[in-house]
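Colleague: Here it is, the structure, as structure tokens.
The values are calculated or read from the model by the stated rules, or taken from the named source; none is laboratory data. These numbers were taken from a predicted model, which means no experiment stands behind them. Backbone-built Cβ (ideal geometry, glycine too); neighbour counts: all protein chains shown. When the accessible area is computed, the model is the full protein with side chains, heavy atoms only, and any ligands, DNA or RNA have been set aside. Shrake-Rupley method; radii C 1.70, N 1.55, O 1.52, S 1.80 Å.
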Amino acid sequence: MHISILLMEQIIQLFLMIFMGFLIVKAKLLNSEDSKILSIIVLYLIIPCVIINAFQVDYTPQTVKGLLIALAGSVMTQVILLIVVSILGKVFHLNEVEVASIYYSNSGNLIVPIVMFILGKEWVLYGCVFMSVQLVFIWTHCKKIISRESAYDWRKIVLNINMISIAIGIVLFLTRIHLPEDINSTLSAVGGMIGPASMIVTGMLFAGMDFKQIFASKRVYFVTFLRLIVVPAIALVLIKFSYLASLSSNGPKIMLIVFLAIITPSASTVTQMCQVYGNDSQYASAINVVTTLFAIITMPAMVMLFQITI
């Protein structure tokens with residue numbers, strides 16, 4: 001119950017950040033389209049800083065075991081959920097923005113501040129494992145369907161700054177190399193902007209939308225139901241019967257972090273990619289805002305269910 005209350009407080013704070021982005025546009029200080037610049041900064045600067053900084057921890061057998069559990073849980077859930085969401089997409093005739101919004105959680109922007117707030121800084125690393133796995137899917141599957149490209153450009157995927165950051169972080173961790181304190185502090189400071197910057201982008205886009213059209217659309221609520229109820233329920237079953245939480249004394253907390261990453265609202269990265277690649281960014285932002293609003297209730301409820309079940 002304590003974790004659920006802390007989680008609700010954190011989500012409310014993030015929603016207030018969305019409102020700030022909304023106010024900037026409504027006050028005519030910026031246009032809704034100006035958020036594209038901030039989206040590029042988030043994707044290509046802030047997220048890489050978060051990744052590299054998260055891997056700057058001491059190499060210990062317990063940490064390695066925890067990372068392997070987090071990796072197994074992240075890969076298992078994301079692969080199976082991708083199959084499930086793809087089937088749902090065909091059954092319900094979902095478009096590419098809807099499929100991406102249902103499958104991709106906002107772990108990249110929310111898991112770091114949420115885990116840091118409710119569990120502590122030392123647990124952020126395990127959240128970054130999920131983020132790293134998801135980034136592989138984002139820059140392959142998500143980029144392909146959002147940009148409507150006919151094939152994967154593996155060179156662009158491998159050389160993407162986020163994928164390079166993952167490789168750098170892993171190498172530094174395995175070789176037990178710690179960056180100078182000034183560099184680490186800088187990475188931490190820049191990475192700390194991930195939550196506010198992403199939420200402000202969402203708010204700026206939201207300010208340029210037709211509210212009646214958004215909230216009157218039954219489709220948005222259906223996508224929200226799939227994102228916040230169906231996907232988390234399936235993930236909970238997968239985690240329960242994988243028994244990964246029983247492999248270590250820290251197993252339950254590590255799998256809780258994986259679960260937290262899954263049950264977040266739709267990814268604001270989908271909105272940012274829609275902006276960059278010319279897809280329907282306003283619809284993606286509408287889904288992000290509505291799922292964030294309802295997540296104030298669903299995320300704490302899902303965490304309580306996790307604590308009862310696992």
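Colleague: Looking at (1) open to solvent by 40 Å² or more (accessible area, probe 1.4 Å); (2) in contact with a helix residue (DSSP H, G or I) (Cβ under 7 Å, 6 or more places away or on another chain), can you tell me which one LYS28 breaks?
Modeller: Single failed check for LYS28: (2).
Colleague: In segment 133-143, is there at least one residue being open to solvent by less than 20 Å² (accessible area, probe 1.4 Å) and touching a Pro at 6+ places or on another chain (Cβ under 7 Å)?
Modeller: no
Colleague: Turning to a different aspect of this structure: Could you run through segment 239-279 and say how many residues are within 30 Å of GLU149 (Cβ to Cβ) and under 20 Å from the mean Cα position of the chain (by Cα)?
Modeller: Total meeting the criteria: 19.
Colleague: I'd like the full set of residues that are in a loop (DSSP other than H, G, I, E, B) and open to solvent by 10 Å² or more (accessible area, probe 1.4 Å), limited to segment 249-273.
Modeller: Start the filter on segment 249-273 by keeping residues that are in a loop (DSSP other than H, G, I, E, B), which leaves 249-250, 263-265, 267.
Passing the criteria: SER249, ASN250.
Colleague: Quick one: count up the residues across segment 130-152 that are farther than 16 Å from LEU81 by Cβ and either part of a helix (DSSP H, G or I) or out of contact with any helix residue (DSSP H, G or I) (no Cβ under 9 Å at 6 or more places or on another chain) (or both). Give the derivation first.
Modeller: First pass over segment 130-152, keeping only residues farther than 16 Å from LEU81 by Cβ: 132, 139, 143-144, 146-152.
Now drop any that are not either part of a helix (DSSP H, G or I) or out of contact with any helix residue (DSSP H, G or I) (no Cβ under 9 Å at 6 or more places or on another chain) (or both), which leaves 132, 139, 143-144, 146-147.
Result for segment 130-152: 6.
Colleague: Of the numbered conditions (1) touching a residue at least 24 places away in the same chain (Cβ under 8 Å); (2) hydrophobic (A, V, I, L, M, F, W, C); (3) under 22 Å from SER248 (Cα atoms), MET116 fails exactly one; give the number of that condition.
Modeller: (1)
Colleague: Name the pairs: first residue in segment 209-221 and open to solvent by 80 Å² or more (accessible area, probe 1.4 Å), second residue charged (D, E, K, R), Cβ to Cβ under 9 Å, at least 6 apart or on different chains?
Modeller: ARG219/GLU98
Colleague: Inspect segment 274-292 for any residue being part of a helix (DSSP H, G or I), closer than 27 Å to LEU67 by Cβ and open to solvent by less than 10 Å² (accessible area, probe 1.4 Å) and give the result as yes or no.
Modeller: no
Colleague: So, LEU187, is that one touching a helix residue (DSSP H, G or I) at 6+ places or on another chain (Cβ under 6 Å), of a type outside the set (Ser, Thr, Tyr), within 26 Å of VAL50 (Cα to Cα) and at pLDDT below 90 or not?
Modeller: No.
Colleague: Another question about this same structure. Do we find a residue being under 26 Å from SER285 (Cα atoms) and surrounded by 19 or more Cβ atoms within 10 Å (Cβ to Cβ) anywhere in segment 170-189?
Modeller: No, that holds for no residue.
Colleague: Ok, one more. Take residues that are within 30 Å of SER249 (Cβ to Cβ) and polar (S, T, N, Q) and tell me which of the helices (runs of 4 or more DSSP H) falling wholly in segment 1-112 contain 1 or more. Break it down into steps so the answer makes sense when it comes.
Modeller: Working: elements: 2-26, 35-41, 47-54, 61-91, 96-103.
Correct list: 2-26, 47-54, 61-91.
Colleague: Another question, if that's okay. Is it the case that some residue within segment 82-96 is closer than 28 Å to ALA245 by Cβ, open to solvent by less than 60 Å² (accessible area, probe 1.4 Å) and touching a His at 6+ places or on another chain (Cβ under 8 Å)?
Modeller: Within segment 82-96 (the criterion being closer than 28 Å to ALA245 by Cβ, open to solvent by less than 60 Å² (accessible area, probe 1.4 Å) and touching a His at 6+ places or on another chain (Cβ under 8 Å)), the answer is yes, since at least one residue qualifies.
Colleague: Taking the condition of being free of Cβ contacts under 8 Å to residues at least 60 places away in the same chain, closer than 24 Å to ILE263 by Cβ and of a type in the set (Ser, Thr, Tyr), how many residues in segment 48-92 meet it?
Modeller: Number satisfying all stated conditions: 1.
Colleague: Consider GLN56 carefully, then state whether it is open to solvent by 60 Å² or more (accessible area, probe 1.4 Å), of a type in the set (S, T, N, Q) and farther than 24 Å from THR271 by Cβ.
Modeller: When the stated conditions are applied, GLN56 does not pass them.
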